[in-house]
Amino acid sequence: MAELLFWPALLAYGEAAAAYLGEARHPGWAGRAATWGVRIGWLLQTALLVVQAVSADGFPWGSWAGSLNLFVWLVVGIYLVWGCNSRFRLLGLAVLPLAAVLFALSHVTGGTSTGAASTLPNLFLVLHVGLVLAAFAGFTLAAALSALYLWQERRLKRREPGILKVTIPPLSALDELAARTILVALPALSLGIAVGLLRLRDRGGHVDALMAATLLTWGVYATFVVLRYGLEWRGRRAAYLALAGFALVVVLQLGLSAVHF
Amino acid sequence: MRLVLVGISHHRTPVELREQVALTGGQAAALSGELSGAGGEAVCLSTCNRTELYVVGEDAEARALAALAAETHAHAYRLGDEAAALHLFRVAAGLDSLVPGEGEILGQVRAAYEAGAPGPLLDRLFRQALHAGKKVRAQTAIQESPASVSAAAAALAQQVFGELAGRRILVVGAGKVSEQAARNLISRGAAIGFVANRSLDHGAELARRLGAEALPLERIGEELARADVVVSSTSASGFVLGAADVAAALPARKGRPLLLIDLAVPRDLDPAIHSLDDCYLYDIDDLESVVAETMAARRGEAERAEAIVLAEAEEFRAWQASLDVVPAIASLRARAEEIRARELAKARTRLSASELEAVDSITAQILNKLLHLPTVRMKEAAAASDGLVYADAVRHLFGLGEEQE
C-alpha cells in the first residue's frame, strides 16, 4: 500500500518541479499544472503518512529517514498555504525539486515503509520531532523566500531590462513573508527544544554537539526576530541572516542521521 | 449579402489625412444610419489611428468610399467578407494597433457597434469581434507588459511594493511627463502624496488635479524618510536630489526600499543614489530598455493571439456561409410541416382526441429526425463552400418554390 502511494506522490512532485521550470520560461498553463501536481502529491503523501501511522507500533517517523519524510510533507504543506498564488509560483522552482529529492532519499533509506517500531514514548516523539521538524520546514521556506528576495533585489540593482518579464512576488512581500514565517516557526522550535531538554534532564543525559548546534540555530533565529521586529531590520541584511540560520538547519538535518537516531 | 470594409489607418495614412475623416461618436452614428439605407447595415469605427466603415447592402463599397474624403481614397483599403471579418477581429484583439495588444481599442469597437446600425450580419460580426478581443486578452499575456516608459515605471513600483494602495508617492516637477507618470501610478492603485515643484503655483495646480499636497522643492529631503516612490521630471539643469540627501534619510527608513524614477533629461537624480542600500534608481534609458524587452514579449504573445483570431474568423466564415442554405432549409421544413398538417387534418375524423394527439406527436418526431441529418449536412456543405449547390439540389428534389397540388 505504501509503495502504491509513494510512487504517484513522487511522480506528482516530479511533475510539479518540471512544470515550474516550464512556468519560469513561459508563464501560463505550466504554472497551473505545477500547482495541481503539488496538491495531488501532497494529498498522496498525506495518505502515505496515514497508512504509516496506522500500521506503526508507536511513532512512525522516529528514524532519520522517517523524519525526512515528515519534513518533506511539512515543507510542501506550508508552501501550499500561499504557493498556489500565481505570483509565488516561481518559489516552487526552489521548493519542489528539493522536496522530490528528499522524498526519494527518504524512500531509499526506508522512511516511507510501513510497520515502523519505536522504543521512545509516543508523546515525546510527537512533540519533539514534530515541533522541531515543523520549525525546520518553516525555516526552509523562509530561506527560499530570502533567496528569492536577494535574487530579485540583485536584478533591480543591475537594472535588468527583463525585470518585468518574470512574475515573482514583490520585494516587500518576500521580505515580510520570510519574517512572518520565521516568527511562526521560532516558537515551534523553542517548544521542541524545551521538550527535548526536559527529557534530557529526566534521563540525566548531557548536551551533545548537535544539541548545541540546535541551540545556536535557535539563537540565530531569535536574533533575527529581535532585529526584525524590535529594530526594524529589513531587506538584504535580514535575508542574509535568514540564510545563515538555514545553513545551520542544513547542518542539523545532516547531523541528525549521524548523531541523534 | 456581401460585407464590405473601407477604411484608412495609421499603417498607410499620415495623421493629416486621418484627421480629415475622423468621426466623433455622434457623427459615426449618423453616418452609420445614412450608409445602412433601406434594408442595409453599417457600423463606423473611428479612433485616432483609424476610420473604418463596415457596410452591408447594395453598392456598399461605392457608398462607403464616397463617405470618405477624396484625398484619402488613394490610402484606403477595401476588404470583403472573410478578409473584412478577419481584419475586424485583429483590430478588436489589438493586433492591428500601434502598440500590439493595447486595451482601449476593444472599448472603441464596442462603442462603434452600439452606435452603429447593424443588421443580422454586422450584429454577429461585431459580437464575435468583441468575443475574440476578450478571448485574446484572457488567454494571452499580450496586455500585461507595459508599453510606455511611464507604464514601465508604475510596473516597477509594483514589482518592488506589490499593492500600491497606501504607498507614499512623491512627484517632483509639475510638467506633462510627471503628470503622465503619476496617472499611471494612480491607475495601478497608488495615491499621490506630494507634488514638489520649484514654482509652488504650478506644483499646487498639479497637486490639486492629482488629489495630492504641494511641497516646495527645498523640502523634498524631509519627505524622503517617508516616501516609497519618487518620480522626478523637472527642467532643472543640475541634480534636484543628490546622493547625500538620500543617504541622510536612510537611517530613518530602516531598510524600507525606495524606488526613484528619473524621467528628466538632463537627469534630476544623482546616479550615485543607486549604489545606496535599498535604493533603486531608474533613469529614462533604463526604463526604455525595460519597455523594449516587454514589447518583445508582447510580440511573442501576438503570435498566440493571431491563432485565436484566425479560429474566430473561421467560425464566422462558416456561419456566414451557412446563410446561403438557410432559406432552403427553412423551405424544406415548411414544406414537410405543411404536408404533415394536411395529413393530420384528413385523419381528424377517423381518430379520437387522444389518438390524434399521439399521432401528432409521433409524426412531429419523425419529421424532426428525418430532417435533422439533411439540415446538418447542408450547413456542413455550406461551410465547405458547396452550400449553394446543395441548396439548389434540395429545392429541385423537393420541388420547393413550385406550385403544389
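Confirm whether A:L210 is more than 28 Å from A:G77 (Cα to Cα), modelled with pLDDT under 90 and either surrounded by fewer than 19 Cβ atoms within 10 Å (Cβ to Cβ) or within 14 Å of chain B (Cβ to nearest Cβ) (or both).
No: the conditions fail for A:L210.
Can you tell me how many residues in segment B:235-259 are more than 14 Å from every other protein chain (Cβ to nearest Cβ) and under 20 Å from A:G235 (Cα atoms)?
Pass one, segment B:235-259, residues more than 14 Å from every other protein chain (Cβ to nearest Cβ): B:235-249.
This time we only want the ones that are under 20 Å from A:G235 (Cα atoms), so: B:243, B:246-249.
The qualifying residues number 5.
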Segment B:5-29: number of residues that are outside any strand (DSSP E or B), touching a helix residue (DSSP H, G or I) at 6+ places or on another chain (Cβ under 9 Å) and among the small types (G, A, S): 4
Lone qualifier among B:I339, B:I308, B:I261, B:I329 - being of a type in the set (A, V, I, L, M, F, W, C), free of Cβ contacts under 8 Å to residues at least 40 places away in the same chain and either outside the structural domain of B:T375 (by TED's automatic domain parsing) or assigned to a helix (DSSP H, G or I) (or both): B:I339
Hits in segment B:79-109 - residues which are assigned to a helix (DSSP H, G or I), in contact (Cβ under 8 Å) with a residue 60 or more places away in the chain and surrounded by 17 or more Cβ atoms within 10 Å (Cβ to Cβ): B:D81, B:A84, B:A85, B:L86, B:H87, B:L88, B:F89, B:R90, B:Q108, B:V109
Of residues in segment A:25-66 being touching a Lys or Arg at 6+ places or on another chain (Cβ under 9 Å) and away from chain B (no Cβ under 14 Å), the one surrounded by the fewest Cβ atoms within 10 Å (Cβ to Cβ): A:T35
Residue in segment B:279-290 that is buried (at least 20 other Cβ atoms within 10 Å of the Cβ) and hydroxyl-bearing (S, T, Y) present: yes
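Can you tell me how many residues in segment A:135-155 are surrounded by fewer than 22 Cβ atoms within 10 Å (Cβ to Cβ) and more than 10 Å from chain B (Cβ to nearest Cβ)? It would help to see each step written out before you state the result.
Going residue by residue through segment A:135-155, those that are surrounded by fewer than 22 Cβ atoms within 10 Å (Cβ to Cβ) are A:147, A:150-155.
Add one more test, that the residue is more than 10 Å from chain B (Cβ to nearest Cβ), and what stays is A:147, A:150-151, A:154.
The qualifying residues number 4.
In segment B:290-310, is there at least one residue being under 30 Å from A:R237 (Cα atoms) and not charged (D, E, K, R)? Talk me through it step by step, then tell me what you get.
So in segment B:290-310, the residues under 30 Å from A:R237 (Cα atoms) come out as B:290.
Add one more test, that the residue is not charged (D, E, K, R), and what stays is B:290.
Yes; the residues of segment B:290-310 include at least one that is under 30 Å from A:R237 (Cα atoms) and not charged (D, E, K, R).
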Test: residue in segment B:116-124 that is surrounded by fewer than 17 Cβ atoms within 10 Å (Cβ to Cβ) and within 13 Å of chain A (Cβ to nearest Cβ): no
Scan of segment A:219-258 for residues that are in contact with an Asp or Glu (Cβ under 9 Å, 6 or more places away or on another chain) and at positive phi, ordered by number: A:G235
Members of segment B:233-258 found to be outside any helix (DSSP H, G or I), more than 42 Å from the chain's Cα centre (by Cα) and farther than 13 Å from B:L281 by Cβ, listed by number: B:G238, B:K254, B:G255
Subset of segment B:41-78 [surrounded by fewer than 20 Cβ atoms within 10 Å (Cβ to Cβ) and of a type in the set (S, T, Y)]: B:T72, B:Y77
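Quick check: anything in segment A:236-254 within 14 Å of chain B (Cβ to nearest Cβ), free of Cβ contacts under 8 Å to residues at least 12 places away in the same chain and not in a helix (DSSP H, G or I)?
The answer is no, given that none of the residues of segment A:236-254 is within 14 Å of chain B (Cβ to nearest Cβ), free of Cβ contacts under 8 Å to residues at least 12 places away in the same chain and not in a helix (DSSP H, G or I).
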Test: residue in segment A:156-166 that is closer than 23 Å to A:G111 by Cβ, surrounded by fewer than 17 Cβ atoms within 10 Å (Cβ to Cβ), hydrophobic (A, V, I, L, M, F, W, C) and touching a residue at least 12 places away in the same chain (Cβ under 8 Å): no
Yes/no for A:V184 being among the β-branched types (V, I, T) and either within 14 Å of another protein chain (Cβ to nearest Cβ) or within 25 Å of A:L80 (Cα to Cα) (or both): yes
Qualifying residue in segment A:167-177 (condition: out of contact with any helix residue (DSSP H, G or I) (no Cβ under 7 Å at 6 or more places or on another chain) and either at the interface with chain B (Cβ under 7 Å from one of its Cβ atoms) or modelled with pLDDT under 90 (or both)): yes
Positions within segment B:260-294 being in contact with a Ser or Thr (Cβ under 8 Å, 6 or more places away or on another chain) and within 11 Å of chain A (Cβ to nearest Cβ), in sequence order: B:V291, B:T294
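Can you confirm whether B:D285 is closer than 30 Å to B:Q158 by Cα, in a helix (DSSP H, G or I), assigned by TED's automatic domain parsing to the domain that holds B:V230 and of a type in the set (D, E, K, R)? Even if it seems obvious, please write down each step before you answer.
Values: closer than 30 Å to B:Q158 by Cα: yes; in a helix (DSSP H, G or I): yes; assigned by TED's automatic domain parsing to the domain that holds B:V230: yes; of a type in the set (D, E, K, R): yes.
Answer is yes for this residue.
Against the definition (farther than 30 Å from A:S172 by Cβ, part of a loop (DSSP other than H, G, I, E, B) and without any contact (Cβ under 8 Å) to a residue 60 or more places away in the chain), how does B:A334 come out, yes or no? Don't jump to the end; show me each part of the working.
Values: farther than 30 Å from A:S172 by Cβ: yes; part of a loop (DSSP other than H, G, I, E, B): no; without any contact (Cβ under 8 Å) to a residue 60 or more places away in the chain: yes.
No; evaluated as a whole, the condition is false for this residue.
Among the residues of segment B:199-222, is there at least one that is β-branched (V, I, T), within 14 Å of chain A (Cβ to nearest Cβ) and surrounded by 19 or more Cβ atoms within 10 Å (Cβ to Cβ)? Give the steps one after another, and end with the answer.
Kept after step one, since they are β-branched (V, I, T), are these residues of segment B:199-222: B:220.
When the remaining residues are screened for being within 14 Å of chain A (Cβ to nearest Cβ), the result is none.
Scanning segment B:199-222, I find no residue that is β-branched (V, I, T), within 14 Å of chain A (Cβ to nearest Cβ) and surrounded by 19 or more Cβ atoms within 10 Å (Cβ to Cβ), so the answer is no.
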A:A17 surrounded by 15 or more Cβ atoms within 10 Å (Cβ to Cβ), out of contact with any helix residue (DSSP H, G or I) (no Cβ under 7 Å at 6 or more places or on another chain), hydrophobic (A, V, I, L, M, F, W, C) and touching a residue at least 60 places away in the same chain (Cβ under 8 Å): no
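The values are calculated or read from the model by the stated rules, or taken from the named source; none is laboratory data. As the structure is a prediction and not an experimental result, all values here were calculated from the model. Positions of Cβ are backbone-derived with ideal geometry, glycine not excepted, and every protein chain shown enters the neighbour counts.
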